[in-house]
Amino acid sequence: MAAVVVGPRLPQAAPGVGPGPAEGADALFVALSAGFTALSHPLLYVKLLVQVGHEPLPPTVGRNILGSKVLYLPGFFTYARHIVEVDGKKGLFRGLSPRILSSTLSTISRGRVKKAFPLEDMEHVSNRDDVKTSLRKVAKETSHEMMMQCVSRFISHPLHVISMRCMVQFVGREVKYRGVFSSIGTIWKEEGLWGFFAGLIPHILGDVIFLWCCNLLAHLINTYAVDDNFSQASVIRSYTKFVMGIAVSVLTYPFLLVGDLMAVNNCGLLAGLPPYAPVFPSWIHCWKHLSAQGQLFRGSSLLFRRASTPATYLAD
């Protein structure tokens, strides 16, 4: 989620000649984003089913690093194999179409905002800046990133909601949400405009907190922890924001979880109703419920998932 400094603007092609380099690069970036979305979809699909509490397979006995016996819930590969057994290989890509459209809208909207408020017009942090000046520049850059992220999240969220609901239909074997257009009609009829933005607030809060924490921590580490006399200082600084992004994403995961749960809560699907989840009046009630159960990080790991004891496993 780090800001990317772009070079000088490239001239656009004359009318009738074809797309210029800038347009071609944008189209390539959109295509690459769509491809990555498709490849990562099975992982997100399994994660969502775990987030809503769907455990169709019983835990198995294993041992931890100390040699003690523990119960482990099925990991990603076992869970994905179960989906294939039920729905076939195509079943792993349930809800992919609206997710690709959501990703494409997000990418395009970020590009539009970036062109409207180009980064080259902004001052970037330099090692020669004093503390006050460097913090002002970091705050300005982060505000720019935050604006792009919030706009793209707002525009793409309705399709994100449709994608989530298409996927969780696996739990109850429903067919309420099928194509994008029919899903839009269903949400509009049953929930109105607000239904398209279910779970938006926790997602945006998570994005904003992530950006500010990641950028400020990376700046402080690069400024005060990395010595300029060290030969590899520039290399370390180039990876600082990436490492901080991984660390901060763990801390902001509960916002992602709550946002996804609210996107499917009380939408008429089994995954959004008891016994999987109560009907929550707001995302704050959802947060408090998960916190009381110690489940704010449910679904954050898909490889080594220890079963809670005692636990109730909801099967098909």
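The values are calculated or read from the model by the stated rules, or taken from the named source; none is laboratory data. Model, not experiment: these values are computed from the prediction. All Cβ positions, even for glycine, are placed from backbone atoms using ideal geometry, and neighbour counts span all protein chains on display. Just so you know, the surface numbers come from the protein's heavy atoms only, side chains and all, with ligands and any DNA or RNA stripped out. Shrake-Rupley method; radii C 1.70, N 1.55, O 1.52, S 1.80 Å.
Whenever a residue of the stretch 135-150 is more than 16 Å from residue 115 (Cβ to Cβ) and surrounded by 15 or more Cβ atoms within 10 Å (Cβ to Cβ), its partners that are acidic (Asp, Glu) and at pLDDT below 90, lying with C-beta atoms within less than 7 angstrom and at least six residues away or across chains, give the pairs 137/123; 137/129. Listed by first and then second residue, the pairs linking a residue in the stretch 254-266 that is closer than 11 Å to residue 299 by Cβ to a residue that is open to solvent by 30 Å² or more (accessible area, probe 1.4 Å), with Cβ atoms under 8 Å apart and 6 or more places separating them unless they lie on different chains, are 254/287; 254/297; 257/297; 257/298; 257/300. If you go through the stretch 39-73 and keep only what is at pLDDT 90 or above and hydroxyl-bearing (Ser, Thr, Tyr), you end up with 40, 45. Within the stretch 251-278, the set of residues being closer than 12 Å to residue 206 by Cβ, in contact with a Ser or Thr (Cβ under 9 Å, 6 or more places away or on another chain) and open to solvent by 50 Å² or more (accessible area, probe 1.4 Å) comprises just one member, 256. The condition of being more than 29 Å from residue 155 (Cα to Cα) and either at pLDDT 95 or above or of a type in the set (A, V, I, L, M, F, W, C) (or both) holds for only one of 93, 29, 36, 76, that being 76.
Evaluate the following for residue 195: is it surrounded by fewer than 15 Cβ atoms within 10 Å (Cβ to Cβ) and under 24 Å from the mean Cα position of the chain (by Cα)?
On the way: surrounded by fewer than 15 Cβ atoms within 10 Å (Cβ to Cβ): no; under 24 Å from the mean Cα position of the chain (by Cα): yes.
No.
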